[in-house]
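Structure, as structure tokens:
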Amino acid sequence: MTSPATPGDQLQHPSPPEPPPLWFVAPDGFFALPIAPTPEERTEGARQFVRGLFSRGDDTVWEPAAPYYAGLAELMAAQGISYAAIGLYSTAEAGPVAEPADRYAPEDGVAQCVFTVTAVPTDQARVDTEVIARGVQAVLGTDPHRDVRWLDLPCGPAVSSVTLTKYTLAPDVTATGEPEELLTGQTQVHVPFPTGPFTAVFTLFTAFTEYWREFSDLMAELLRSVSFVEPTLVALDGEDGDVAYLPGVAGVSGSAG
């Protein structure tokens, strides 16, 4: 018979190490969720987040929405997500706008995506990014429903996996009252850290697959900015955007959107 564990026994099991830092340029139109290590930081971050996400709202919208997004950020952090953002893009015809918020005017139509970054520990004796990426490619390639491809990014080798999934929506959740089909798309890119035993997993998901090409271009531009050494804090190609810095699984410093 074994005896119950004591607090002293638990102290003998150290927490898993945090991953090394990682940087990337978050595109204009990304609104970063307030993933932060403390409730106070999440609460304040959520207040700022809802004011950016619902830029045409007021306190009657912002106050009840902020606790929801603070809780969502806490849940994502607990699942190991380092960074999460909602991307909003107007589907109206392109043209001059008076204010940046006008690009996301819902009455003109808005296409949305969800983007996350997770640092996943990998079990290897030494950091060989090509060997790790080849292993990821071999595992993902066993699924016939995935379009798996090798990528050579400026930061090193990577593997992309694209999945399209069709759902049938029940009549009680559709505007027409009839069953409708919904096609969703997900791009997931695995980028091994050259600086430690981790792999960064970048995921972009959208139900607006009619804009799949645009979202794919956006993802490609973001991936070209990934760096495992601190870059010069200048947006790529003169485009607007913020540099997101990921010091570890549970925390993000910097903003996007």
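Contact list please: Cβ distance under 6 Å, first residue in the range 125-144 and of a type in the set (A, V, I, L, M, F, W, C) and in a helix (DSSP H, G or I), second residue surrounded by fewer than 17 Cβ atoms within 10 Å (Cβ to Cβ) and at pLDDT 90 or above, pairs at least six apart or on different chains. So the pair list comes out as LEU140/ARG146. Are any of the residues in the range 62-77 in contact (Cβ under 8 Å) with a residue 60 or more places away in the chain and open to solvent by less than 60 Å² (accessible area, probe 1.4 Å)? Checking the range 62-77: at least one residue is in contact (Cβ under 8 Å) with a residue 60 or more places away in the chain and open to solvent by less than 60 Å² (accessible area, probe 1.4 Å).
Does LEU246 satisfy the condition of being open to solvent by less than 20 Å² (accessible area, probe 1.4 Å) and modelled with pLDDT of 95 or more?
Numbers: open to solvent by less than 20 Å² (accessible area, probe 1.4 Å): yes; modelled with pLDDT of 95 or more: no.
For LEU246, the condition - open to solvent by less than 20 Å² (accessible area, probe 1.4 Å) and modelled with pLDDT of 95 or more - is not met.
In this structure, THR195 does not qualify as touching a Gly at 6+ places or on another chain (Cβ under 7 Å) and touching a residue at least 60 places away in the same chain (Cβ under 8 Å).
Scan the range 179-207 residue by residue and report those that are under 11 Å from CYS113 (Cβ atoms), of a type outside the set (Ser, Thr, Tyr) and surrounded by fewer than 19 Cβ atoms within 10 Å (Cβ to Cβ). Before you say what the answer is, go through the steps one by one.
Our first condition is that a residue be under 11 Å from CYS113 (Cβ atoms); within the range 179-207, this holds for 184-187, 203-207.
Going one step further and asking which of them are of a type outside the set (Ser, Thr, Tyr), we end up with 185-186, 204-205, 207.
The answer is GLN186, PHE205, ALA207.
The number of residues in the range 152-178 being in contact (Cβ under 8 Å) with a residue 60 or more places away in the chain and open to solvent by 50 Å² or more (accessible area, probe 1.4 Å) comes to 1.
How about the range 30-48: which of its residues are open to solvent by less than 70 Å² (accessible area, probe 1.4 Å) and either of a type in the set (Lys, Arg) or without any contact (Cβ under 8 Å) to a residue 40 or more places away in the chain (or both)? Steps first, answer last, please.
Residues of the range 30-48 that are open to solvent by less than 70 Å² (accessible area, probe 1.4 Å), as a first pass: 30-36, 38, 42-43, 45-46.
If the condition is that a residue be open to solvent by less than 70 Å² (accessible area, probe 1.4 Å) and either of a type in the set (Lys, Arg) or without any contact (Cβ under 8 Å) to a residue 40 or more places away in the chain (or both), then PRO34, THR38, ARG42, THR43, GLY45, ALA46 are the ones that fit.
Scanning the range 197-234 for residues that are farther than 30 Å from ARG126 by Cα, under 15 Å from the mean Cα position of the chain (by Cα) and among the aromatic types (Phe, Trp, Tyr) yields PHE205, PHE215.
The values are calculated or read from the model by the stated rules, or taken from the named source; none is laboratory data. Worth saying up front: this structure is predicted, and the values here are computed from it rather than measured. Quick reminder, even Gly has a Cβ in these numbers, built from the backbone with ideal geometry, and neighbours come from all protein chains shown. Quick note on the areas: whole protein, heavy atoms, side chains included, nothing else; ligands and nucleic acids left out. Shrake-Rupley method; radii C 1.70, N 1.55, O 1.52, S 1.80 Å.
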